[in-house]
Amino acid sequence: MDRGLPLFGVCYGHQLLAHALGGRVGYLPGGREIGTLPIERLAEAVDDPVAGALPGRFHAHTTHEQSVLELPAGARVLARSARDPHHLLRYGPNALSVQFHPEFNAEIMRAYIHRKRHDMRREGSDTRQVYAAVNPTPYARRLLRSFVQRRPPTFE
């Protein structure tokens, strides 16, 4: 951060970056968030050079039990899910992080659900429903690609 290097944290990297900058990370209230879920882009993201081109609502693959519970000073929330208010954060001109997994495809998401199915059932999740709801997440994937390519994404 001090040198202005490009930083893009994903899942644990999202949590680690927030913690390192003074935020608080802990268990997500209500337990695990897993599956292909709707994510809401917030008004705060409209002018963001990367997240600004996201639609108001898009889908992303998620699998996490912990999350950013309190933001570090100066961080801005750009997107959230129904249960996790901090899915996409901007820390500075070159630093973003996401709780969701833009690097996952549907096949990887299904494999995670299959692997975690016993835990999910124990927690009261309908694993068949979560598995059946897995879909492609092109907007989440393009967000990562646009950051790496250092240009605004196109979502056409």
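Can we say Leu71 is among the hydrophobic types (A, V, I, L, M, F, W, C), within 15 Å of Arg24 (Cβ to Cβ) and surrounded by 15 or more Cβ atoms within 10 Å (Cβ to Cβ)? So that I can check it myself, show each step before the final result.
Details: among the hydrophobic types (A, V, I, L, M, F, W, C): yes; within 15 Å of Arg24 (Cβ to Cβ): yes; surrounded by 15 or more Cβ atoms within 10 Å (Cβ to Cβ): yes.
Spelling it out, Leu71 is indeed among the hydrophobic types (A, V, I, L, M, F, W, C), within 15 Å of Arg24 (Cβ to Cβ) and surrounded by 15 or more Cβ atoms within 10 Å (Cβ to Cβ).
What is the number of the single condition among (1) closer than 21 Å to Gly13 by Cα; (2) touching a Gly at 6+ places or on another chain (Cβ under 6 Å) that Glu123 does not meet?
(1)
Need a quick list: strands (runs of 3 or more DSSP E) entirely within the stretch 52-156 having at least 2 residues that are at pLDDT 95 or above and more than 20 Å from Leu16 (Cα to Cα).
Working: elements: 57-64, 66-70, 76-80, 88-92, 95-98.
It comes to 57-64.
For the stretch 30-50, which residues satisfy the criterion of being hydrophobic (A, V, I, L, M, F, W, C), surrounded by 13 or more Cβ atoms within 10 Å (Cβ to Cβ) and farther than 24 Å from His114 by Cβ? Before the answer, list the steps.
In the first step, residues of the stretch 30-50 are kept if they are hydrophobic (A, V, I, L, M, F, W, C); the result is 34, 37, 39, 42-43, 45-46, 50.
Filter once more, so that each one left must be surrounded by 13 or more Cβ atoms within 10 Å (Cβ to Cβ): 34, 37, 39, 42, 45-46, 50.
Once the filter is applied, which keeps residues that are hydrophobic (A, V, I, L, M, F, W, C), surrounded by 13 or more Cβ atoms within 10 Å (Cβ to Cβ) and farther than 24 Å from His114 by Cβ, the stretch 30-50 yields Leu42, Ala45, Val46, Val50.
Residue check, Pro6 against (1) of a type outside the set (A, V, I, L, M); (2) surrounded by 19 or more Cβ atoms within 10 Å (Cβ to Cβ); (3) in contact with a helix residue (DSSP H, G or I) (Cβ under 8 Å, 6 or more places away or on another chain), all met but one. Which one?
(2)
Considering each of Tyr27, Tyr91 in turn, give the residue that is aromatic (Phe, Trp, Tyr), at negative phi and surrounded by fewer than 19 Cβ atoms within 10 Å (Cβ to Cβ).
Values: Tyr91 fails: surrounded by fewer than 19 Cβ atoms within 10 Å (Cβ to Cβ).
When all the criteria are applied, what remains is Tyr27.
For the stretch 108-145, what are the residues that are among the β-branched types (Val, Ile, Thr) and on the phi > 0 side of the Ramachandran plot? Explain how you work it out, then say what you get.
Start the filter on the stretch 108-145 by keeping residues that are among the β-branched types (Val, Ile, Thr), which leaves 108, 113, 127, 130, 134, 137.
Answer for the stretch 108-145, where residues must be among the β-branched types (Val, Ile, Thr) and on the phi > 0 side of the Ramachandran plot: there is none.
With out of contact with any Cys (no Cβ under 7 Å at 6 or more places or on another chain), surrounded by fewer than 22 Cβ atoms within 10 Å (Cβ to Cβ), without any contact (Cβ under 8 Å) to a residue 40 or more places away in the chain and over 20 Å from Leu144 (Cβ atoms) as the only criterion, which of Arg121, Arg110, Arg76, Arg57 stands out?
On the way: Arg110 fails: over 20 Å from Leu144 (Cβ atoms); Arg76 fails: over 20 Å from Leu144 (Cβ atoms); Arg57 fails: over 20 Å from Leu144 (Cβ atoms).
The unique qualifying residue is Arg121.
Looking only at the stretch 1-24, which residues are at pLDDT 95 or above, more than 14 Å from the chain's Cα centre (by Cα) and at positive phi?
The one that is at pLDDT 95 or above, more than 14 Å from the chain's Cα centre (by Cα) and at positive phi: Gly22.
The values are calculated or read from the model by the stated rules, or taken from the named source; none is laboratory data. Because the structure is predicted, anything quoted here is derived from the model rather than measured. Note that we place each Cβ from the backbone using ideal geometry, even for glycine, and neighbour counts take in every protein chain shown.
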